[in-house]
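Here is the structure we will look at, set down as structure tokens.
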Amino acid sequence: MSNNPVRVQEDQKAKTSKRYMFLLVINYLFLFAGSLSSSLLSKFYFNHHGSSRWVSTWVQSAGFPLLIFPIYLPFYVLKCTDRRPFSDFTPRILILSILIGLMLGLNNLLFSWGNSYLPVSTSSLLLSSQLVFNLILSVIIVKQKITFQNLNCVVLLTLSSVLLALGSSHDKPQGLTRAKYFVGFFSTIGAGLLFALYLPIMEKIYKWIYCYEMVMEMQLVMEIAATALATAGMASDGGFSEMKRESQVKFDKGPEIYWVTVFANVVTWQLCFMGTAGMVFLTSSLTGGICMTALLAMNVLGGVLVYGDEFGGVKVVSTVLYGWGFCSYVYGMYLKMREEKEMENKNHGMEMAHNVVSANNV
């Protein structure tokens, strides 16, 4: 690929750009609304006797048609770009998007398994471990530097997850066996690991992507691949006819609420993934992981407030450790940004002094 796309990407990511701040705010709002709503809606589905994990997996990516709007509106309606949709979409990007989409499909399935067995608060706290994996994989894939704050965050979040596992016997939904609880526990950890792998891989690929529209184009292909995987799984489990039967026979809130729940899940999951992709493109994989981890605290609170999840003993200690680790990381990021700002001011001062000396010599 040429160097020109990289130059355009850097201009688009300039933090002084109005477009940058607009996209950053919009994508974080998408991430916030999608993450909290999708977690609560998925639990609502299982709480009212929805039982198909393939349906829960399918709704996480089936909202891909919504991506048509950010892909086609800028060129055909808003007229704010000269680039036609998919005009720079190479075979290499297509293949990468399909492979990563299949990986996301597996991640969605693991999340569905975990969410079907665990309380929302426990699932959310376990998913916070993805920041640990994200840090490690970011070091390997995109050469992220390790600091004391990074390591402190890793240790505290790991200890938080271990405490949840040790206290699992006191936090099981009625009728759930210990074996199934641990299936949900390790499925959720696996989902966190796969998503943590996805983030730095996408950051590395995004270095060659020079506009937000291309990010959405990649996201469209990835989610089509993930939806194809989920659809194949649904077909082996009875297909869409099974969804109809489930809405009429199993779901205790009736068919209307069932289809509203499914549709709302489709929309909110799409918002979540759009926000995640945008955050990684505009910032970094680690920053995207941090934002998602911060929102998991809201998911824990949502589970307690909406579903009455138990929130005492081990879970309180685990949440405190999680907050401690997260704040440690944020503080480390603050110190780094302040150091970079001081260095920038110093260099600017030296450059001005050099210009003054040069002018005097003339």
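The values are calculated or read from the model by the stated rules, or taken from the named source; none is laboratory data. Remember, predicted model here, so these are calculated numbers, not experimental data. Cβ coordinates were reconstructed from backbone atoms using ideal geometry, including for glycine residues, and neighbour counts include every protein chain displayed. Side chains are part of the model used for accessible areas, which takes the heavy atoms of the whole protein and leaves out ligands, DNA and RNA. Shrake-Rupley method; radii C 1.70, N 1.55, O 1.52, S 1.80 Å.
Could you please let me know if GLY323 is outside any helix (DSSP H, G or I) and open to solvent by 20 Å² or more (accessible area, probe 1.4 Å)?
No, not satisfied.
Return yes or no: is ILE100 at pLDDT 90 or above, open to solvent by 20 Å² or more (accessible area, probe 1.4 Å) and assigned to a helix (DSSP H, G or I)? If you could, list the steps in order and put the result at the bottom.
Working: at pLDDT 90 or above: yes; open to solvent by 20 Å² or more (accessible area, probe 1.4 Å): no; assigned to a helix (DSSP H, G or I): yes.
When the stated conditions are applied, ILE100 does not pass them.
So which residues in the stretch 55-97 are of a type in the set (S, T, N, Q) and within 18 Å of the chain's Cα centre (by Cα), if there are any at all?
So the first thing to find is which residues in the stretch 55-97 are of a type in the set (S, T, N, Q), and the list is 56-57, 60-61, 81, 87, 90, 97.
If the condition is that a residue be of a type in the set (S, T, N, Q) and within 18 Å of the chain's Cα centre (by Cα), then SER56, THR57, GLN60, SER61, SER97 are the ones that fit.
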- Message: Report every pair of residues separated by at least 6 positions or lying on different chains whose Cβ atoms are under 7 Å apart, first residue within the stretch 64-85 and in contact (Cβ under 8 Å) with a residue 24 or more places away in the chain, second open to solvent by 80 Å² or more (accessible area, probe 1.4 Å) and among the hydroxyl-bearing types (Ser, Thr, Tyr).
- Response: PRO85/TYR72
- Message: Can you tell me which of (1) open to solvent by 10 Å² or more (accessible area, probe 1.4 Å); (2) under 23 Å from the mean Cα position of the chain (by Cα) is the one GLN248 doesn't meet?
- Response: (2)
- Note on the structure: The correct count of residues that are in contact with an Asp or Glu (Cβ under 7 Å, 6 or more places away or on another chain) and at pLDDT below 75 in the stretch 120-156 is 3
- Task: Report the residue count in the stretch 251-285 for those that are surrounded by 24 or more Cβ atoms within 10 Å (Cβ to Cβ), over 10 Å from the mean Cα position of the chain (by Cα) and under 30 Å from LYS143 (Cβ atoms).
- Result: 1
- Query: Out of (1) modelled with pLDDT under 75; (2) open to solvent by less than 30 Å² (accessible area, probe 1.4 Å), the odd one out for ALA297 is which?
  - Reply: (2)
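Tell me, please, whether a residue that is under 17 Å from ALA225 (Cβ atoms), part of a loop (DSSP other than H, G, I, E, B), open to solvent by 10 Å² or more (accessible area, probe 1.4 Å) and not polar (S, T, N, Q) can be found in the stretch 64-84.
Just the residues of the stretch 64-84 that are under 17 Å from ALA225 (Cβ atoms), to begin with: 64-68, 71.
Add one more test, that the residue is part of a loop (DSSP other than H, G, I, E, B), and what stays is none.
Within the stretch 64-84, not a single residue is under 17 Å from ALA225 (Cβ atoms), part of a loop (DSSP other than H, G, I, E, B), open to solvent by 10 Å² or more (accessible area, probe 1.4 Å) and not polar (S, T, N, Q).
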- Message: Please verify whether SER51 is closer than 30 Å to SER187 by Cα, in contact (Cβ under 8 Å) with a residue 12 or more places away in the chain, open to solvent by 20 Å² or more (accessible area, probe 1.4 Å) and part of a loop (DSSP other than H, G, I, E, B), treating the condition exactly as stated.
- Response: yes
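Which one of ASP309, ASP237 is modelled with pLDDT under 90, open to solvent by 40 Å² or more (accessible area, probe 1.4 Å) and acidic (Asp, Glu)?
Values: ASP309 fails: open to solvent by 40 Å² or more (accessible area, probe 1.4 Å).
That would be ASP237, the only listed residue that is modelled with pLDDT under 90, open to solvent by 40 Å² or more (accessible area, probe 1.4 Å) and acidic (Asp, Glu).
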